[in-house]
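Scroll down for the structure; my scribbles are underneath it.
The values are calculated or read from the model by the stated rules, or taken from the named source; none is laboratory data. Owing to the predicted nature of the structure, the values given are computational and were not obtained by experimental measurement. All Cβ positions, glycine included, derive from the backbone under ideal geometry; neighbour counts span all protein chains shown.
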Amino acid sequence: MSATAMRIALVGNPNCGKTALFNQLTGGRQKVANYAGVTVERKEGRFMAPSGRTLHVLDLPGAYSFDATSPDEAITRDVCHGRYPGEAAPDLIVCVADATNLRLHLRFVLEVRRLGRPVVLALNMMDAARRRGMVIDVEGLSRRLGVPVVETIAIKRGGAQALIERIDAAVPEVIPTAVDSASIEQLHAEVRSILAETVKLPRDTAAIDDAIDRWALHPVFGLLILATLMFFIFQAVFSWAQPVMDGIQAGISALGAWVTGFLPGDSALHSLLNDGVFAGLGAVLVFLPQILILFLFILVLEESGYLPRAAFLLDKMMFRVGLTGRAFIPLLSSFACAIPGIMATRSIQDPRDRLTTILVAPLMTCSARLPVYTLLIAAFIPDRAVWGVFNLQGVVLFALYFAGIFSALGVAFVMKRLRKDKSEHALIMELPSYRLPNVRDIALGLWERAMIFLKRVGGIILALTVLLWFLSTFPGAPEGATQPAIDYSIAGRLGRLLEYVFAPIGFNWQICVALVPGLAAREVAVAALGTVYAMSGSDDAVASQLGPLISHQWSLATALSLLAWYVFAPQCMSTLAVIRRETNSWRNVAVAAGYLFGLAYLASLATYQIARALS
Amino acid sequence: MSTFDIVQGVIIALVVAVAAYVAFRKLLPRTSTRVMARISASLNHEGRSAALRSLGRRMQPAAATGSCGDGCGSCGSCGPTPPARSEAQPLHFKPRS
């Protein structure tokens, strides 16, 4: 073993705080949340110990046992056994256990001990254990287990100090265990014996959890609470963001006017900056406040421990349509973005359940749809109260999110009917203790979301906007042309060509043009619409405010049709790429893209024709 | 053609070329890595001038990665690095007997 590059693996049951400890040790910012299954892949970091040694730290997916039943647990098993490709066995295993739930977590500690490698046990969440009145004889526990035991509070600054000091000291000796081939029953018996000797537990569960769960898990009130919560979130997305959005819009307009003021008004460079960069990027950038408000709620829910309860509440419905309750977390992650959602399906053991979840995950309303939805809703749905309390725009957004959810349930139901294997899998899920969200973690989470969004705006969205401007500008209009110059450009001609296909669903040629770069990512379509309309001869003031412009030029039927399109259409190449990687099959990509585009077209066609007939 | 027109043309050509390159890298990371590696290898070849070889070395691509920051929603949950190939767990179905 090298003295300067010791490899440490963090292992333990799901949701015991491994990633929070990893972040403490390495200064990393890996995602943490209060539910099982957040980490589904191996993450590596390093830190310098007080002695000056560099230590490599591996954060591994949570596992209840080395008898892996899902792909993420298999990673942990293989790394710990030294069988992971290209990865040497760790020099030290830090086994993290939730001090408030030792009855469950100690069994895995005993399994890890049987590996015969140096182990340190980190008793995490000791603050919560003390609050519950638990008394843990740490010395006694260490003696019984034959491994060093340290106390940690992974979510508190300095909460891993004892662990760092222990890691930096000599590597603990391996004490041979007496039960090398113990059965599960023997392990449970040993856990009970250790707990009886070393832990005083006033009650099995926290009183506050029981009190909240009486309502939150109630079959009727629980669902009502969940629906109210979701409804409130979508109301807030519309109501709270508007003042900041107005400020951003005014700022972008002023900056655009100032920057382009130095250039001749009829020059191509002026057009590139004004019609391409400011009209395109400005149209997307204004949605940052809404995205952050949505994520504020998602992060708070993730940290609070409420999400697994929501999974429990919805399990019955998911079960009926052929989804496993384990699909809830991946599908919920897909509300942020389908990519981590699809990756999170690695925690689903059954390959068919996993494939079903992967194929319906793109139907969850990811945050990239938000700019499209809010643009169209703000332009076409009146901003008025419903029943004196609710904002109509918020109600429509809520309905769109639920349209995605119900579509996913419907597709899963059809897949259930089509598949031959009718075996069913019960949901076994750990309900974590409730906890107050950490303000710093929420702030960091929001900061990262904002940075990711801004990087996308400044990266792929800017690049595609510039390319679209180029395609919308060249070739220029011939001498004596009477139509706007864009009509003669490559993009204009492409749009007119596509219009034949999309006319039955009410899309004009500008929408058709925007859908092409929008295949890369959904919100690119908003930037593309900004550029296309700016190039179509709209004046500068209107071009910077896409909403009022389209509300004059489109019919309500067209807007509703486009909303229906975005509920289904897989306008995201990265999602399709991840489906390919996770299923190792182009056929599954074709199935996903085919059924999603098919549904999108049919839904838009029905919406457009019905809306036109009614208007 | 005025000086302004020439400068403008050069700037626009550069901006569009960079945009095309960025889009290529972001949307087709593996293909772009392969292409860049091929171009780099052809430039950094025995017999080429020192300047070309230096350019070839500079063009040698770092492993290009598609990430959730590239082509989909504003997630942040994928982690900074994509998983190694071996971590992906392909689904294998066996025909029912």
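Data overview
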read-out	value
Qualifying residue in the stretch A:558-566 (condition: within 26 Å of A:I358 (Cβ to Cβ), surrounded by fewer than 20 Cβ atoms within 10 Å (Cβ to Cβ) and within 14 Å of another protein chain (Cβ to nearest Cβ))	no
Which listed residue is within 24 Å of B:A19 (Cβ to Cβ), touching a helix residue (DSSP H, G or I) at 6+ places or on another chain (Cβ under 9 Å), touching a residue at least 40 places away in the same chain (Cβ under 8 Å) and not polar (S, T, N, Q), from A:V286, A:V244, A:V237	A:V286
Candidate set from the stretch B:1-29 (those that are small (G, A, S) and either at pLDDT 90 or above or assigned to a helix (DSSP H, G or I) (or both)); member that is nearest to the chain's Cα centre (by Cα)	B:A23
So A:G476, is it free of Cβ contacts under 8 Å to residues at least 60 places away in the same chain, within 14 Å of chain B (Cβ to nearest Cβ) and not polar (S, T, N, Q)	yes
Residue within the stretch A:423-441 that is within 14 Å of chain B (Cβ to nearest Cβ), at pLDDT below 90 and not in a helix (DSSP H, G or I) present	yes
Some residue of the stretch A:64-87 being away from chain B (no Cβ under 14 Å) and within 30 Å of A:P202 (Cβ to Cβ)	yes
A:F470 vs. criteria of a type in the set (F, W, Y) and within 19 Å of the chain's Cα centre (by Cα)	no
The stretch A:251-269, subset among the hydroxyl-bearing types (S, T, Y) and closer than 21 Å to A:F470 by Cβ, residue nearest to the other protein chains (Cβ to nearest Cβ)	A:S267
Which listed residue is more than 14 Å from every other protein chain (Cβ to nearest Cβ) and either within 14 Å of A:R369 (Cβ to Cβ) or touching a Phe, Trp or Tyr at 6+ places or on another chain (Cβ under 8 Å) (or both), from A:L549, A:L602, A:L529	A:L549
Check on A:V389, modelled with pLDDT of 90 or more, on the phi < 0 side of the Ramachandran plot and not assigned by TED's automatic domain parsing to the domain that holds A:T558	no
When residues of the stretch A:110-151 are limited to those that are acidic (D, E) and touching a residue at least 60 places away in the same chain (Cβ under 8 Å), the one nearest to A:S65 (Cα to Cα)	A:E111
Matching residues in the stretch A:282-291 - criterion: being among the aliphatic types (A, V, I, L, M) and crowded, with 21+ Cβ neighbours inside 10 Å	A:A283, A:V284, A:L285, A:V286, A:I291
So A:L92, is it under 19 Å from A:N15 (Cα atoms) and not β-branched (V, I, T)	no
Which numbered condition A:S347 fails, given (1) modelled with pLDDT of 80 or more; (2) buried (at least 24 other Cβ atoms within 10 Å of the Cβ); (3) within 14 Å of chain B (Cβ to nearest Cβ)	(1)
Unique residue being in contact (Cβ under 8 Å) with a residue 12 or more places away in the chain, of a type in the set (G, A, S) and under 20 Å from A:P517 (Cα atoms) when the list is A:S604, A:S555	A:S604
2 or more residues closer than 30 Å to A:F312 by Cβ: qualifying helices (runs of 4 or more DSSP H) within the stretch A:124-226	A:126-131, A:184-198, A:207-216
The stretch A:355-397, subset assigned to a loop (DSSP other than H, G, I, E, B) and within 14 Å of chain B (Cβ to nearest Cβ), residue nearest to A:S585 (Cα to Cα)	A:M364
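So that you can scan it fast, the table gives a plain yes or no per residue for (1) crowded, with 19+ Cβ neighbours inside 10 Å; (2) touching a residue at least 40 places away in the same chain (Cβ under 8 Å); (3) of a type outside the set (A, V, I, L, M, F, W, C):
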{"residue": "A:M6", "(1), (2), (3)": "yes, yes, no"}
{"residue": "A:V11", "(1), (2), (3)": "yes, yes, no"}
{"residue": "A:P14", "(1), (2), (3)": "yes, yes, yes"}
{"residue": "A:G37", "(1), (2), (3)": "yes, yes, yes"}
{"residue": "A:M48", "(1), (2), (3)": "no, no, no"}
{"residue": "A:A68", "(1), (2), (3)": "no, no, no"}
